[in-house]
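Each remark here refers to the structure printed beneath this line.
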Amino acid sequence: MGAGESVRSSRRDFLFVATASTFAVGITAVVWPVINSLSPADDVRALAVSVEVDLSPIEVGQRITVMWRSMPVFIDHRSQERIAEARATNLAELRDPQRDEDRALRPEWLIQVGICTHLGCIPLGQQSGDPVGDWDGWFCACHGSQYDSSGRVRKGPAPRNLEIPPYAFVSDMMVRIG
């Protein structure tokens, strides 16, 4: 093998490596956007997030608000009197009849989306001193809708009860919303 053949071989090897590298970069440039488009967008991923809430510091009669999917979620640690009041309601009187037992997985914990079903305002009743309406629940100051202690619409223009988000108890005092 002569010196000329060695130079040709190294040129051939260089051209082969350069061509293969260019081809690999080109394929990656075409395939990567396709693969990337199959994964969900950031805003979609943010909507799918679940929230875990420790219920242990919430006292009986206390209500808190947490955020889930950019929406307020009301958590109400209900007393036995409130539970009894909600369960004693005559369903025939309700615009959107739902039993209290169907709205709360555990009777002492009512968890619902805190957005009025009329025009999307946030009802009052989470803070002490807020108006709670005639049924000891929530009052939407925008147009006067009133919800009872189970979040069921009782008066005003709201067409439906406050919505119940998907949730599950992961332990006795920990709930996962979403």
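The values are calculated or read from the model by the stated rules, or taken from the named source; none is laboratory data. Values in this document were obtained by computation on a predicted structure and should not be read as measured data. Please note: Cβ atoms are built from the backbone with ideal geometry, for glycine as well, and neighbour counts cover all protein chains shown.
Among (1) in contact (Cβ under 8 Å) with a residue 60 or more places away in the chain; (2) within 19 Å of the chain's Cα centre (by Cα), there is one condition C116 misses while meeting the rest; what is its number?
(1)
Could you look through region 107-124, keep only residues that are modelled with pLDDT of 95 or more and outside any loop (DSSP other than H, G, I, E, B), and pick out the one that is farthest from A84 (Cα to Cα)?
Of everything passing the filter in region 107-124, V113 is farthest from A84 (Cα to Cα).
For region 128-136, check the following and say yes or no: at least one residue is assigned to a loop (DSSP other than H, G, I, E, B) and within 24 Å of the chain's Cα centre (by Cα).
Scanning region 128-136 turns up no residue that is assigned to a loop (DSSP other than H, G, I, E, B) and within 24 Å of the chain's Cα centre (by Cα).
Which is touching a Ser or Thr at 6+ places or on another chain (Cβ under 7 Å) and modelled with pLDDT under 95, of D136, D130?
D136
Checking L105 against (1) hydrophobic (A, V, I, L, M, F, W, C); (2) over 19 Å from V53 (Cβ atoms); (3) loosely packed, with under 15 Cβ neighbours inside 10 Å, which single condition isn't satisfied?
(2)
If I filter region 124-142 for residues that are closer than 17 Å to R63 by Cα, β-branched (V, I, T) and in contact with a Pro (Cβ under 6 Å, 6 or more places away or on another chain), do I get at least one hit?
Within region 124-142, not a single residue is closer than 17 Å to R63 by Cα, β-branched (V, I, T) and in contact with a Pro (Cβ under 6 Å, 6 or more places away or on another chain).
If I ask for residues that are free of Cβ contacts under 8 Å to residues at least 40 places away in the same chain and either under 15 Å from E93 (Cβ atoms) or not in a loop (DSSP other than H, G, I, E, B) (or both), which ones from region 148-178 would you list?
Correct list: K155, G156, S171.
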